[in-house]
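The values are calculated or read from the model by the stated rules, or taken from the named source; none is laboratory data. Remember, it's a predicted structure, so these values are computed and weren't measured experimentally. Ideal geometry is used to build each Cβ from the backbone, glycine not excepted, and the neighbour counts take in all protein chains shown. The protein model used for the area step is the full one, side chains on, heavy atoms only, and it has no ligands, DNA or RNA in it. Shrake-Rupley method; radii C 1.70, N 1.55, O 1.52, S 1.80 Å.
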Amino acid sequence: MVQGMTGSFRLMKSLNRSLVINIIRRKGPISRTDISKQANLTPPTVTNIVNDLLKEGLVKEGRTGASKGGRRPVLLSINYNNHYVIGVDVGTGQIRVGLSNLNAELLNRKKETLPAGIKAGEFMTILYRLVDDMITNSDVSRDKIVGIGIGMHGIVDEEKGISIYAPHFDFGELPLKERLEARYEIPVKVENDARCSAIAEMWFGDTRANPNLVFINVGDGIGAGVILNGQIHRGHHHIAGELGHMIVDLNGRQCTCGSYGCLHTVASGIHIRERAIHEITLGRSTALREMRENKEDIDGEVIYEAALHGDEFAEELFAQAGRFLGLAVTNVINFLNPDQIVLGGGVMKAGAFVMKPLVETVNRRALTDDARKTEITVSSLGSHSALLGAVSLILHDVFEVQDR
Ligand SMILES: [Zn+2]
């Protein structure tokens, strides 16, 4: 939190406040009397907290409820459209920025391609331009924007708000939180993008409130967000969930990380594309040859299209990725035994071509019958999941007790 920050929006550290606002969020519209019963708080305490929330504009009074004798009670609900959050999702080749209300509904969004090996200065220029654009080109007054959440690929120190290592960019540590707070004077939170997606699943996905879940992003890079007992698990050195570097092939190829046989080298979007181009060069027969004049232009979309038309090679490209992902998922199940595993990212757009061999591998390899029945799904949040997760970083501060 920025010290001495100005503006009407003040977040209070209070357990009771969090209790009340979350009852309104989950059960609203609701009367003060019902809140005090459900929160087990005295009516004057609830009235005080509600008065503060009304003053902050976080809660609004709406229609009146049924009378149980006496005056009809006024019902309270969350005022989702009085404060806004900017979310940023920095992927390996693309940056997405969106303006969201407190219900994670995106009012405005933009995306831009990021060149591989981008330098820090150039990256910050693009980031500032996109955030400036969200602020100036939205019908929302600037003092209503309460924070910026950033989901960044690679290794992130979320406490300091620093990007430690972004493998596709040409820069070292980048103090994103410090830079953006100095420029915009609102709180900024930074988190790894796969962890953001895991948080989004918990807040907005079909898995809502599932306390033990693993979100696996399978795109050009592979990463996972681990939620245990409702809390994000980051590990001692910020690398928990670096599933792309789980070793699945002892004799495998060298990975970008320097090690050999990492999941990244056999199941990432980059690998699928590279293998397609490599085998076509070696003379492999496939419809992909005719579908793209220049084999360098082959991407996930055209491979998917070929697979849909029954091209065996295209199907095999996804199937191999699916089998290796199945090994990784089996390892995750045997090691963490989560309630659910949710997959997202560009490669998962191939749907059953990846999911079928993945689930078959888990069914053959997981330890027990129950382990084999672990729910494995594709995210319903689509390509916005990391962006929504970035927004949730700030929502967490609005709705939950702040722990620091
Ligand atoms: Zn690796």
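Within the range 265-289, how many residues turn out to be among the polar types (S, T, N, Q) and within 16 Å of the ligand (Cβ to nearest atom)?
2
Being among the small types (Gly, Ala, Ser), farther than 20 Å from Val218 by Cα and touching a residue at least 12 places away in the same chain (Cβ under 8 Å) is the filter here, so list the residues in the range 269-305 that pass it.
Ser285, Ala287
Which strands (runs of 3 or more DSSP E) does the range 67-137 wholly contain that include 2 or more residues that are in contact (Cβ under 8 Å) with a residue 40 or more places away in the chain and within 22 Å of Ala194 (Cα to Cα)?
Because the criterion is at least 2 residues that are in contact (Cβ under 8 Å) with a residue 40 or more places away in the chain and within 22 Å of Ala194 (Cα to Cα), the strands (runs of 3 or more DSSP E) in the range 67-137 that meet it are 84-90, 94-101, 106-113.
State yes or no: is Glu178 of a type in the set (Asp, Glu), open to solvent by less than 20 Å² (accessible area, probe 1.4 Å) and modelled with pLDDT of 95 or more? Step through it out loud before you land on a result.
Working: of a type in the set (Asp, Glu): yes; open to solvent by less than 20 Å² (accessible area, probe 1.4 Å): no; modelled with pLDDT of 95 or more: yes.
No: the conditions fail for Glu178.
Condition first: within 15 Å of the ligand (Cβ to nearest atom) and modelled with pLDDT of 95 or more. Can you find one or more residues in the range 303-317 that meet it? Reasoning before the result, please.
So the first thing to find is which residues in the range 303-317 are within 15 Å of the ligand (Cβ to nearest atom), and the list is none.
Checking the range 303-317: not a single residue is within 15 Å of the ligand (Cβ to nearest atom) and modelled with pLDDT of 95 or more.
For the range 149-264, please list each of the strands (runs of 3 or more DSSP E) lying entirely inside it that holds at least 1 residues being among the β-branched types (Val, Ile, Thr), within 13 Å of the ligand (Cβ to nearest atom) and assigned by TED's automatic domain parsing to the domain that holds Gly346.
222-228
Among what's in the range 156-175 and is crowded, with 16+ Cβ neighbours inside 10 Å and of a type in the set (Asp, Glu), pick the residue that is farthest from His264 (Cα to Cα).
Glu158
Check off (1) in the same structural domain as Leu395 (by TED's automatic domain parsing); (2) open to solvent by 70 Å² or more (accessible area, probe 1.4 Å) for Ala66 and give me the number that stays unchecked.
Every condition holds for Ala66 apart from (1).
Going by the conditions given, is Asp52 among the acidic types (Asp, Glu) and within 26 Å of the chain's Cα centre (by Cα)?
Working: among the acidic types (Asp, Glu): yes; within 26 Å of the chain's Cα centre (by Cα): no.
So Asp52 does not fit the description; no.
Filter the range 100-126 down to the residues that are of a type in the set (A, V, I, L, M) and either assigned by TED's automatic domain parsing to the domain that holds Val59 or open to solvent by 40 Å² or more (accessible area, probe 1.4 Å) (or both) and list them by number.
Leu106, Leu107, Ala116
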